[in-house]
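Just so it is clear, none of the values below were taken in a lab; they were calculated from the coordinates. This is a predicted model, so every value here is computed, not measured. Glycine gets a Cβ as well: all are built from the backbone with ideal geometry, and neighbour counts include every protein chain shown.
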């Protein structure tokens, strides 16, 4: 991931797995309903074959406190209720993988790496 210096970062895929993760992020971002979309990093633009994604940059680190773990637990339930299964580092809210989670200015949780998310089977 590279900082573009304009409030955005670019994620460049270095392998087929990276391209697949970028594809998943784009598909999830553009399929989410607005009330849920606010919890994932905004995608500004992307390569048509998913070689790169330009996303909004979020600087505020996720505090691993009981208060924020509770907020993350509620967010995981919201994703699941909407047919999205978060990656292990997110859905294990009791021991979250904090580098993939940031806070917006108002303290709202935002997931910055959701390439490991999946759609629930129906």
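Any idea how many residues of the stretch 1-31 are surrounded by 16 or more Cβ atoms within 10 Å (Cβ to Cβ) and in a strand (DSSP E or B)?
Total satisfying the criteria: 4.
Considering the stretch 89-105 alone, what residues qualify as being surrounded by fewer than 17 Cβ atoms within 10 Å (Cβ to Cβ), under 14 Å from residue 69 (Cα atoms) and touching a residue at least 24 places away in the same chain (Cβ under 8 Å)?
94, 98, listed by residue number.
Does residue 54 satisfy the condition of being in contact with a helix residue (DSSP H, G or I) (Cβ under 8 Å, 6 or more places away or on another chain), surrounded by 14 or more Cβ atoms within 10 Å (Cβ to Cβ) and without any contact (Cβ under 8 Å) to a residue 60 or more places away in the chain? It would help to see each step written out before you state the result.
Numbers: in contact with a helix residue (DSSP H, G or I) (Cβ under 8 Å, 6 or more places away or on another chain): no; surrounded by 14 or more Cβ atoms within 10 Å (Cβ to Cβ): yes; without any contact (Cβ under 8 Å) to a residue 60 or more places away in the chain: yes.
So residue 54 fails the test.
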